[in-house]
Amino acid sequence: MTAALSTEQVWQTILAETVEAADNEPTLASFLHLTVLRHSSLNRVLAFHLSSKLASPVMDARTLYEMFHQALVSDQNIHDAAIADIVAYYERDPACDAYSLPLLYFKGYHAIQAHRINHYLWLQGRKTLAYFLQNRASEVFGVDIHPAAVFGKGLMIDHGTGIVIGETAVLGDNISLLHGVTLGGSGKESGDRHPKISDGVMIGANASVLGNIRINQCAKIGAGSVVVEDVPAFTTVVGVPAREAGKTGSIPAQEMDQRL
């Protein structure tokens, strides 16, 4: 969480930004009131927004809303992570100049929050439902994240198109992924077979990280790379297969510098 704003301040800022947006664009006033301003908490906004997007002929929005809201109020970690993710977008994405933008419009953010709820359902033993919602999120958001994958806080998936994250993948805190990233297996073996991504890592567009390997703290993976071996901390790798190209000496996920 940024030192600048508390959790409550982020929520109040989102409300103020949404009121201003409704005033500036009357055509969207009804949408903004329906989606944000009529709700009493971020939990209710998230539950409403996600349920509206993921509803289908076989799962109506009201049923999803009640399910999602129950998950959000039952697990404080989901709420805290949702706020941290908003802050991550605001601080790292140069196109994000308001805290309300990820919540309203960024499908990468929506995909992360849908997964957090889906992971909660998975841990509750509701695996059939979790698989159903994984499929639905894939159709709507253009991502494919297995419900068992573990996410930390402060995640940013920029653009949110073409992301694939496998069942036994584990992501730490303050990680940035660009579009087209795959965190996949390296064959048809079962068991623990997907990457472990440590805090502060940035993975460039269309990079593939394959197998039960570890990308250590504050590493940077260049766009289009294929990584099949562990990457040391504070190290930049690039290429097919990826090879060391330098040291980072910083937190790549926060700096979002695509250069080597």
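Sites listed here are trypsin sites (Lys or Arg not before Pro) in the stretch 105-191 whose DSSP assignment is loop and whose Cβ has at most 12 other Cβ atoms within 10 Å: 188. Number of Lys-Lys pairs in the chain with C-alpha atoms under 19 Å apart and a separation of 8 or more places or on different chains: 7.
Count Lys and Arg as plus one, Asp and Glu as minus one, and take only other residues whose Cβ is under 12 Å from that of residue 147; the net charge is then +2. Treating each Cα of the stretch 47-119 as an identical point scatterer and summing with the Debye formula, the log10 of I(q)/I(0) at q = 0.15 Å⁻¹ comes to -0.50. Among 10, 201, 140, 58, a tally of other beta-carbon atoms within 10 Å of each Cβ gives an order, fewest to most, of 58, 140, 10, 201. Helices in the chain, meaning DSSP H runs of at least 4 residues, each add -39500 (n - 2.57). Divided by all residues, the mean residue ellipticity at 222 nm is -13000 deg cm²/dmol. Beta bridges from DSSP with both residues in the stretch 149-260: antiparallel share about 15 percent, rounded to the nearest 5. With R₀ set to 30 Å, the beta-carbon distance separating residue 37 from residue 59 gives a calculated FRET efficiency near 0.70.
Annotation: peptides 21-28, 157-164, ranked by per-residue average of other Cβ atoms within 10 Å with the highest first, follow the order 157-164, 21-28. Compared with the alpha-carbon gap, the fully stretched path from residue 150 to residue 74 is longer by 25.6 nm at 0.36 nm per residue. Summarise the long-distance tail of P(r) for the chain by giving the % of C-alpha pairs beyond 27 Å. Here the long-distance tail beyond 27 Å is 36 percent of all Cα pairs in the chain.
Residues 231, 226, arranged from fewest to most other Cβ atoms within 10 angstrom of their Cβ, appear as 226, 231.
Computed FRET efficiency, Cβ-Cβ of residue 243 and residue 189, R0 22 Å: what is it to the nearest 0.05? Working from the Cβ atoms, E equals 0.30. What's the local net charge at residue 159, with K and R +1, D and E -1, over the other residues with C-beta under 14 Å away? Computed value for this residue: 0. Among 230, 97, a tally of other beta-carbon atoms within 10 Å of each Cβ gives an order, fewest to most, of 97, 230.
Bear in mind these aren't lab numbers, they're just calculated from the coordinates by the rules spelled out. Nothing here was measured: the structure is a model prediction, and the numbers come from that model. Cβ atoms come from the backbone with ideal geometry, glycine included; neighbour counts cover every protein chain shown.
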